[in-house]
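The structure under discussion appears below in the form of C-alpha cells.
Since every read-out is calculated from the coordinates, none of them should be taken as a lab result. This one's a predicted model, so the numbers in the text were calculated from it and none came from an experiment. We place every Cβ from the backbone using ideal geometry, glycine too, and count neighbours over all the protein chains shown.
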Ligand SMILES: NC(=O)c1ccc[n+]([C@@H]2O[C@H](COP(=O)([O-])OP(=O)(O)OC[C@H]3O[C@@H](n4cnc5c(N)ncnc54)[C@H](O)[C@@H]3O)[C@@H](O)[C@H]2O)c1
C-alpha cells in the first residue's frame, strides 16, 4: 500500500499487491475484467500456458513468449514492448501476466519500462508463482547467466490466485513449488506447523490442503513485501537458500529448474550455517521436509566456481557473501562470511551430505 500526501495536505491511499483468491479457472477472466475497471488489457503468457488455457489469453491483445528460464532475457522484454507498441497500447493500459515465475518476472519488467511504466495484474499459474514470485513486485531478467541482474520493482495492482490451475502442472514443477513453499514455511511459524503436519498431502497434491497452504504462504509473502517493498531490510530473509541456489544455477547453466536449485541451496546453506544454531533439531526437521519433497542431484560444480558466482550475488555487502540462516521457525538471521570461508563451508557441507547419502552427485 502506498500513501501519498498531496499538495494541500489531502491524502491518497493507493492499494496494490492485493491478493484475490478465486475458486475456479472459469472465474479468472471475469475477475480480471472486473478489476481492470474497463481499462484495456494486454496479456503476456508463455507457449505452454497459452496452449493449456487459451480462454485466458489468446482472444485478447497480447504476446506469447517462449517457456522456461532461457526466455528470461532483455530480448524477450523488447519483444513484449514491441508487441505493446504495435497494438497501440497507451499508458492507461494494464499488462496481465498469466504464467509462472518466468512470465511474471519478464512481463512485470516490460510493464515497468514500457512508456516508463504501465499497470500490472498477475495471474500466477505455477505453485512457485502462487506462493512466492507473483507477490511483492520483483521483476527482471538474467544477464550472462547471472540471475535477475537487470530488473525493477513493479508492484502488481492485484494478484489473482486460482489453485485450480495447478491441476495441469507437471510433477517436477510441483516439486519446485514445494521447495519455495518449504522456504516460506521455515520463515513463518504458523505455516511451518501446517506444512510439516500436511507434507504427505501436499506431496500428493491434495487440493484442499494445497489451497490452504497457498493462501497462507501468499499472505505471508504479502505481509513481508508490504513492509519492505524495495528490499531495504527485512524482506531480504526471503532469499533463504538463494545464495547457493543462484550460484549453482549460474554455474550449471540453468539445466535444472529454479525451484530445484533453491531446494539444493536450502539444504546446503542449512548445513553450512549449522554451527551457528543453538537448536539444531529444527534444521534437521526442515532438512527432512526437503528430502520428503525430493531433492535433485547435486550438479558437479567445483566449490571454487560456486564461490565465484556467489560473490556476484545482489545481496552481498562489501567484500563478504551474505547468507540467510535460520534458528527456528520464523527466526531467520543474516550472516556475512568471507569468500574463503564460504568455499570451505560449501565444500564440507556438500561432502558430508553426500557421505550420509542425503545428496547424490550427478
Ligand atoms: N520475482 C520474484 O520474487 C521471484 C521469486 C522466486 C522465483 N522467481 C523466478 O521465477 C522463475 C521460476 O518460476 P516457475 O517455477 O513458475 O517457472 P516457469 O515460469 O518457468 O514455469 C515452469 C513451467 O511450467 C509451465 N506452466 C506454467 N503454468 C502451468 C500450468 N498451470 N500447467 C502446466 N504447466 C504450466 C511453464 O510453461 C513452464 O514450462 C525463475 O526465473 C525465478 O528466478 C521470481
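Rounded, prolate or oblate for the chain? Axes are the square roots of the Cα gyration tensor eigenvalues, ordered a ≥ b ≥ c, and the cut-off for rounded is a/c under 1.5. Since a/c reaches 1.5 and a/b is larger than b/c, the shape of the chain is classed as prolate.
From least to most packed, judged by other beta carbons within 10 angstrom and beginning with the fewest, 264, 56, 295 follow the order 295, 56, 264.
For the chain, the relative contact order comes to 14 percent (Cα pairs under 8 Å, sequence separation of at least 6).
Highest GNM mean-square fluctuation among 73, 168, 45, for the chain modelled with Cα contacts below 10 Å: 168. Compared with the direct C-alpha span, the chain from residue 153 to residue 361 gains 71.2 nm at full extension, assuming 0.36 nm per residue. Modelled spin labels at residue 335 and residue 352, positioned 7 Å past Cα toward Cβ, are 1.0 nm from each other. With the simple model of a label 7 Å out from the Cα in the direction of the Cβ, residue 280 to residue 34 spans 5.4 nm.
The sum of -39500 (n - 2.57) across all DSSP H runs of n ≥ 4, divided by the residue count of the chain, sets its helix-only mean residue ellipticity at 222 nm to -14000 deg cm²/dmol. Among 237, 195, sorting on how many other beta-carbon atoms sit within 10 Å of each Cβ, with the fewest leading, yields 237, 195. Is any residue of region 144-188 close enough, with backbone N under 20 Å, to a label point placed 7 angstrom from the Cα of residue 27 along the Cα-Cβ axis, and if so, which? Within reach of a label on residue 27: 157-168.
Extension gain, residue 74 to residue 51, is 5.9 nm, computed as 0.36 nm per intervening residue step minus the present C-alpha separation. In degrees, nearest 10, range 0 to 90: what is the angle between the Cα axis of helix 242-251 and the longest Cα principal axis of the chain? Once rounded, the angle reads 90 degrees. Kindly express, to the nearest 10 degrees and within the range 0 to 90, the angle between helix 339-355's C-alpha long axis and the longest C-alpha principal axis of the chain. Orientation of helix 339-355: about 80 degrees from the principal axis.
Taking 0.36 nm per residue of separation and subtracting the current Cα-Cα distance, fully stretching the chain between residue 92 and residue 171 would add 24.6 nm. Could you list the residues of region 106-136 with an amide nitrogen less than 19 Å from a label point located 7 Å from the Cα of residue 198 in the Cα-to-C-beta direction? Zone members listed by number: 125-133.
Taking the chain as a Gaussian network of alpha-carbon nodes connected by springs under 10 Å, the highest mean-square fluctuation of the residues 289, 52, 127 belongs to 52.
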